[in-house]
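First comes the structure, then the notes that go with it.
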Amino acid sequence: MNEQLHLLIELQEIDKITDLLKRERENLFHQIEEIKNSILEEKKKIESSKKSLSQLQIEKKNKEIDLDAKEEGIRKHLVELNVVKTNEAYRALVNEIEKNKLDKNQIEETILELMQKIEDLNLEIKQSEQTIKEKETESQKEIKTLEEKLAKLLEELDEKGERRKNYLEKLSPSLLLRYEKIRENKEGLAVVPIEEQYCSGCRMLLPPYLINEVHKDQSIVSCEACSRILYLPVLLAKQ
């Protein structure tokens with residue numbers, strides 16, 4: 001087989017493996033990022049819950065201040081009842097005391113509700129922190145395994161890159177450029193075998209004269225339909 005064509009076929013095999021390794025590399029990167037992002041999202045949820053807890057505690061504190069104010073108002077008005085001189089003023093104070101008592105009851109109910117929410121949220125945060133701690137430990141193991149795979153894969157990619165350089169040095173620049181352009185436009189498949197008079201790349205029937213040219217093995221021949229470089233497996237087998 002034509003030496004340049006044979007080099008192209010071998011180069012394409014290296015490129016096929018390299019493409020697969022690159023896809024696997026991206027997949028590993030994606031898996032690692034997904035795990036990290038998952039942990040990060042869980043931590044963000046916990047931080048959000050803690051902010052909500054802080055808001056509830058502030059709200060409870062404010063309600064307790066309001067409660068103290070209402071209780072002080074009731075005590076003040078009760079004292080004033082002993083010194084008022086008219087029935088009208090007495091009734092006004094009694095009404096004010098009753099209003100403050102109603103407000104006080106509502107505030108106390110709100111405080112109880114807030115206390116329950118705070119208790120529930122505290123428990124939820126503790127459970128979430130425990131869960132994320134366990135998940136983080138497990139995730140670190142997963143990430144370590146994936147990173148070990150990634151390291152081996154990168155080594156293999158480097159090895160394939162070095163092998164590819166050897167082929168680039170042996171191929172003519174014009175043929176290499178032709179190969180790279182076809183590879184780019186044909187999803188990485190630039191060199192294909194003839195199978196039963198058909199181009200195995202695009203499945204078009206090849207004219208006899210073109211097959212004859214490939215059989216002569218004196219030049220680089222391309223499919224007229226898809227531009228892929230053609231070869232005969234029988235000639236490759238003789239190598």
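The values are calculated or read from the model by the stated rules, or taken from the named source; none is laboratory data. Being a predicted model, the structure only gives us computed values, none of them experimental. Quick reminder, even Gly has a Cβ in these numbers, built from the backbone with ideal geometry, and neighbours come from all protein chains shown. For the accessible areas, the whole protein counts, side chains as well, though only heavy atoms, and no ligand, DNA or RNA atoms are used. Shrake-Rupley method; radii C 1.70, N 1.55, O 1.52, S 1.80 Å.
Could you count how many residues in region 168-207 are in a loop (DSSP other than H, G, I, E, B), free of Cβ contacts under 8 Å to residues at least 12 places away in the same chain and open to solvent by 50 Å² or more (accessible area, probe 1.4 Å)? Result for region 168-207: 3. Hey, any hits in region 148-155 for a residue that's over 14 Å from Leu8 (Cβ atoms), open to solvent by 60 Å² or more (accessible area, probe 1.4 Å), assigned to a loop (DSSP other than H, G, I, E, B) and touching a residue at least 24 places away in the same chain (Cβ under 8 Å)? Within region 148-155, none of the residues are over 14 Å from Leu8 (Cβ atoms), open to solvent by 60 Å² or more (accessible area, probe 1.4 Å), assigned to a loop (DSSP other than H, G, I, E, B) and touching a residue at least 24 places away in the same chain (Cβ under 8 Å). Which of the residues that make up region 120-146 are in contact (Cβ under 8 Å) with a residue 40 or more places away in the chain, within 17 Å of the chain's Cα centre (by Cα) and open to solvent by 80 Å² or more (accessible area, probe 1.4 Å)? Passing the criteria: only Glu142. If you check Leu56 against the conditions, is it closer than 30 Å to Ser174 by Cα and at pLDDT 95 or above? Spelling it out, it is not the case that Leu56 is closer than 30 Å to Ser174 by Cα and at pLDDT 95 or above. Scanning region 82-112 for residues being closer than 30 Å to Leu56 by Cβ, surrounded by fewer than 14 Cβ atoms within 10 Å (Cβ to Cβ) and of a type in the set (A, V, I, L, M) gives a total of 2. Whenever a residue of region 77-96 is modelled with pLDDT of 90 or more, its partners that are surrounded by fewer than 14 Cβ atoms within 10 Å (Cβ to Cβ), lying with C-beta atoms within less than 6 angstrom and at least six residues away or across chains, give the pairs Leu93/Leu81. What's the total number of residues in region 58-102 that are in contact with a Leu (Cβ under 9 Å, 6 or more places away or on another chain) and in a loop (DSSP other than H, G, I, E, B)? Final tally of qualifying residues: 1. Within region 208-231, being open to solvent by less than 60 Å² (accessible area, probe 1.4 Å) and either part of a loop (DSSP other than H, G, I, E, B) or among the aliphatic types (A, V, I, L, M) (or both) holds for Leu210, Ile211, Val214, Asp217, Ser219, Ile220, Val221, Cys223, Cys226, Arg228, Ile229, Leu230. Every condition in (1) open to solvent by 50 Å² or more (accessible area, probe 1.4 Å); (2) modelled with pLDDT of 95 or more is met by Gln239 except one, and the failing one is (2).
Just one of the numbered conditions (1) farther than 30 Å from Val191 by Cβ; (2) in contact with a Gly (Cβ under 7 Å, 6 or more places away or on another chain) is not true of Asp19: (1). Among the criteria (1) under 30 Å from Ile32 (Cβ atoms); (2) surrounded by 11 or more Cβ atoms within 10 Å (Cβ to Cβ), the one Glu71 does not fulfil is (1). Out of His6, His30, one residue alone is within 30 Å of Glu155 (Cβ to Cβ) and surrounded by 14 or more Cβ atoms within 10 Å (Cβ to Cβ). It is His6.
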